[in-house]
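Novice: The structure is given below, and queries will be raised subsequently.
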Amino acid sequence: MSSSAPYGDPATRERILRAAWELIEERGADVRLVDVAARARVSRQALYLHFGNRSGLLIALVEFIDETLGLQEMVAHVFAAPTGAEMLERTMELYVRMAPRIDRVAQVLEAAQQEDRALAAAWRNRMANRQAVHRAIVQRVHDEGQLADAWTVDAAAHLFYAITMPGVWRELTKELGWTSDDYRRHITRLLERALLEEGSNG
């Protein structure tokens with residue numbers, strides 16, 4: 001059973017997803033389906049009927065988190081920016097808001113994709129969508145004449161995508177002591193100075 005064809009009571013489904021989210025935040029990858037079922041106060045059979053297996057639950061959880069945190073609205077805010085340079089700044093603000101709230105789940109997905117074909121496909125699809133957003137932003141910067149001469153749209157989009165990957169945020173904030181505001185300011189400044197024509201970022 002996949003997340004595209006949800007089974008049963010929506011309230012029960014949401015309770016299972018919230019339980020999974022809470023447990024991953026608490027324990028990381030060590031969460032078992034029996035633990036999720038117990039936290040959600042449902043049987044293991046009910047959990048399997050709703051999600052099929054662990055990968056089905058994790059894929060549905062990512063979709064649930066995006067919806068709960070309002071990712072679609074935040075992306076719409078990015079694309080409503082008056083300039084490409086402002087889109088870049090708004091994207092960094094989005095990452096600062098999202099990264100701390102999804103990082104434990106992202107770590108579980110990153111690890112699990114090595115062993116689960118369905119999760120790997122879901123993760124790569126998510127990353128492809130993310131790349132498409134970055135390319136659209138860089139394309140707008142280019143169309144406005146603000147992309148620095150040294151860059152092609154593809155190369156600039158690849159850099160933007162790679163430097164804002166979850167692992168970079170995690171290393172800088174969890175291991176090297178940056179605050180979220182440090183991350184936003186420093187990475188934004190780095191991208192602006194690398195990618196934009198001098199003077200285009202105000």
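Each reported figure results from applying straightforward, stated rules to the coordinates on display, with no laboratory input. All values derive from a computational prediction rather than experimental measurement. For neighbour counting, all protein chains shown are included, and Cβ atoms are generated from backbone atoms with ideal geometry for every residue, glycine included.
Novice: With the contact rule set at Cα under 8 Å and sequence spacing of 6 or more, what percent relative contact order holds for the stretch 4-67? Let's see the in-between values first.
Specialist: Working: 41 pairs, mean separation 23.9, N = 64.
For the stretch 4-67, the relative contact order is 37 percent.
Novice: As a footprinting exposure proxy, order Ser180, Ser55 by other Cβ within 10 Å, with the fewest listed first. Don't jump to the answer; show the numbers that get you there.
Specialist: On the way: Ser180 15, Ser55 21.
Starting with the residue having the fewest Cβ neighbours, the order is Ser180, Ser55.
Novice: Same structure, new question: Taking H placed 1.01 Å from N in the peptide plane, check which residues at least 5 places from Leu196 or on another chain put their amide H under 5 Å from its amide H.
Specialist: Ala148
Novice: What angle do you read, to the nearest 10 degrees and between 0 and 90, between the alpha-carbon axis of helix 10-27 and the longest principal axis of the chain?
Specialist: Orientation of helix 10-27: about 70 degrees from the principal axis.
Novice: So what's the gap between the Cα centers of the stretch 46-117 and the stretch 121-139, to the nearest angstrom?
Specialist: Value for the Cα centre distance between the two parts: 12 Å.
Novice: log₁₀ I(q)/I(0) of the chain at q = 0.08 Å⁻¹, via Debye over equal Cα point scatterers, no solvent, to two decimals?
Specialist: Computed log10 I(q)/I(0) values: -0.32.
Novice: Could you tell me the relative contact order of the stretch 70-195? Use alpha-carbon pairs under 8 Å, at least six residues apart, and round to a whole percent. Intermediate results must be reported in sequence, preceding the final value.
Specialist: On the way: 80 pairs, mean separation 36.1, N = 126.
RCO, the stretch 70-195: 29 percent.
Novice: Okay, moving on. Would you be so kind as to identify which of Met127, Gln139, Ala37 lies farthest towards the positive end of the dipole of the chain, taking Lys and Arg as +1 and Asp and Glu as -1 on Cβ and the Cα centre as origin?
Specialist: Ala37
Novice: Quick check on the exposure proxy: order Phe64, Phe160, Phe51, Phe79 from fewest to most C-beta atoms within 10 angstrom. Write down the numbers at each step before the final one.
Specialist: On the way: Phe64 20, Phe160 23, Phe51 26, Phe79 13.
Ascending number of Cβ neighbours within 10 Å: Phe79, Phe64, Phe160, Phe51.
Novice: Same structure, new question: If you line up the long axis of helix 117-143 against the longest principal axis of the chain, both from Cα atoms, how many degrees apart are they, to the nearest 10?
Specialist: With rounding to tens, the tilt is 20 degrees.
Novice: Pulled fully out, how much extra length does the chain show between Ala132 and Ala76, if you take 0.36 nm times their separation in residues and subtract their Cα-Cα distance?
Specialist: Details: separation 56, 0.36 × 56 = 20.16 nm, distance 1.41 nm.
Answer, rounded to one decimal: 18.8 nm.
Novice: Mind listing the phi-derived Karplus ³J(HN,Hα) values for the stretch 54-60, rounded to whole Hz, using 6.51, -1.76 and 1.60 with θ = phi - 60°, and x for any glycine or proline?
Specialist: In residue order, the calculated couplings are 5, 5, x, 5, 5, 5, 5 Hz.
Novice: In addition: What does the extension gain come out to for Asp66 and Arg193, with contour length at 0.36 nm per residue minus their alpha carbon separation? Numbers along the way, then the final one.
Specialist: On the way: separation 127, 0.36 × 127 = 45.72 nm, distance 3.05 nm.
Contour length minus the Cα-Cα distance gives 42.7 nm.
Novice: What FRET efficiency would be calculated for the residue pair Ala155, Glu25, taking the C-beta separation as r and a Förster radius of 30 Å, to the nearest 0.05? Before the final figure, lay out the partial values.
Specialist: Details: r = 36 Å, r/R0 = 1.21.
Working from the Cβ atoms, E equals 0.25.
Novice: On to the next question. Please give the helix 180-195 orientation as an angle from the longest Cα principal axis of the chain, in degrees from 0 to 90, rounded to the nearest 10.
Specialist: Approximately 50 degrees, to the nearest 10.
Novice: If you don't mind, another one. Ignoring the sites themselves, what is the longest stretch of the chain with no trypsin sites (Lys or Arg not before Pro) in a DSSP loop and at most 16 other beta-carbon atoms within 10 Å?
Specialist: Values: sites that count: Arg32, Arg41.
Excluding the exposed sites themselves, the longest stretch runs over 42-202.
Novice: Between Glu93 and Met165, how many nm apart are label points set 7 Å from Cα along the C-beta direction?
Specialist: About 2.8 nm separates the two model spin labels.
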